[in-house]
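Input: a single structure, listed below in structure tokens.
The values are calculated or read from the model by the stated rules, or taken from the named source; none is laboratory data. Just so it is clear, the model here is predicted, and its values are computed rather than measured. Cβ coordinates were reconstructed from backbone atoms using ideal geometry, including for glycine residues, and neighbour counts include every protein chain displayed.
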Amino acid sequence: MASQTNAFEMAQRQFDAVADLLKLDQSVREMLRWPMREYAFRIPVRMDDGSMRFFQGFRVQHNDARGPNKGGIRFHPAETIDTVRALATWMTWKCAVADIPLGGGKGGVIVDPATLSVTEKERLCRGYIQVMWKNIGNRQDVPAPDVGTNAQMMGWMVDEYSKLVGQFTPGAITGKPVGGGGSLGRREATGFGVIYTVREALKYLNIDPKSVTISLQGFGNVSQFASIGAIEDVQTSTLSSR
């Protein structure tokens with residue numbers, strides 16, 4: 001049987017290869033190879049039937065040398081601490097490459113959100129913040145939506161955070177509804193970003209976009225808006241004319 005890929009081991013192998021090329025000092029390697037802080041916790045949630053369930057949650061803060069940590073919260077039944085570690089690590093690299101003054105963070109809860117009612121999701125979101133609120137915030141670590149979470153859930157989270165700190169603090173969490181301090185275009189940004197990258201690659205490779213086909217895995221926010229962006233680009237001939 002094929003072994004399952006460990007995302008964090010993959011990230012560390014990638015780091016080791018680049019560190020060798022850069023001849024990084026050993027102390028720098030030790031600092032960047034592992035997250036600075038990790039949190040693992042249980043979130044009690046009162047279910048609609050009156051029973052109590054406990055959900056395993058994580059938050060990893062990889063490195064805040066360049067600024068507050070930044071990264072999403074994932075609700076997924078196969079979530080693991082190593083997946084969260086890897087994504088926090090990659091987030092540090094992405095922010096550094098783009099010269100954004102933030103570090104890498106990521107969170108997760110082991111749960112299939114499709115199995116929860118709206119009220120149960122809200123209690124779980126608020127429970128996550130009740131556990132983590134002292135260790136996040138606009139100067140420490142700024143969560144965001146990711147797999148299995150959305151703007152509504154971020155709205156619940158920022159509301160809970162604001163209640164606990166005693167003032168409205170919209171900068172503590174991104175990806176909120178626009179009416180609650182969120183940003184226009186945030187939901188579409190990743191999918192459109194994929195298409196913009198593909199568009200520039202096709203130009204560089206001198207490939208006619210009308211001669212290629214694309215394959216999308218899944219139909220979440222990224223694939224949904226990537227497909228919309230691709231259709232709009234081809235229909236307006238922006239791919240071949242730029």
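The single residue among ASP141, ASP112 that is of a type in the set (Asp, Glu), surrounded by 24 or more Cβ atoms within 10 Å (Cβ to Cβ) and closer than 29 Å to ASN6 by Cβ turns out to be ASP141. All conditions but one from (1) outside any helix (DSSP H, G or I); (2) without any contact (Cβ under 8 Å) to a residue 12 or more places away in the chain apply to SER27; the one that does not is (1). In this structure, THR83 qualifies as over 25 Å from SER162 (Cα atoms), among the polar types (S, T, N, Q) and within 12 Å of the chain's Cα centre (by Cα). LEU21: over 18 Å from MET132 (Cα atoms), modelled with pLDDT of 95 or more, within 16 Å of the chain's Cα centre (by Cα) and of a type outside the set (D, E, K, R), yes or no? Criteria not met by LEU21.
Residues that are at pLDDT 80 or above and of a type in the set (Gly, Ala, Ser) number at least 2 in the following helices (runs of 4 or more DSSP H) confined to the stretch 131-242: 151-165, 186-205.
Close contacts from the stretch 52-72, counting a first residue that is more than 13 Å from ALA144 (Cα to Cα) and without any contact (Cβ under 8 Å) to a residue 40 or more places away in the chain and a second that is in a loop (DSSP other than H, G, I, E, B) and of a type in the set (A, V, I, L, M), with Cβ to Cβ under 6 Å and a gap of 6+ residues or different chains, come to ARG53/MET47; GLY67/LEU102.
Could you tell me whether any residue of the stretch 145-155 is of a type outside the set (A, V, I, L, M, F, W, C) and in contact with a Cys (Cβ under 7 Å, 6 or more places away or on another chain)? No, because not a single residue in the stretch 145-155 is of a type outside the set (A, V, I, L, M, F, W, C) and in contact with a Cys (Cβ under 7 Å, 6 or more places away or on another chain). Which residues, taken from the stretch 50-65, are within 19 Å of GLU120 (Cα to Cα) and not aliphatic (A, V, I, L, M)? Once the filter is applied, which keeps residues that are within 19 Å of GLU120 (Cα to Cα) and not aliphatic (A, V, I, L, M), the stretch 50-65 yields GLY50, SER51, ARG53, PHE54, PHE55, GLN56, GLY57, PHE58. The residue of the stretch 55-80 that is nearest to THR5 (Cα to Cα), among those that are under 13 Å from the mean Cα position of the chain (by Cα) and basic (Lys, Arg), is ARG74.
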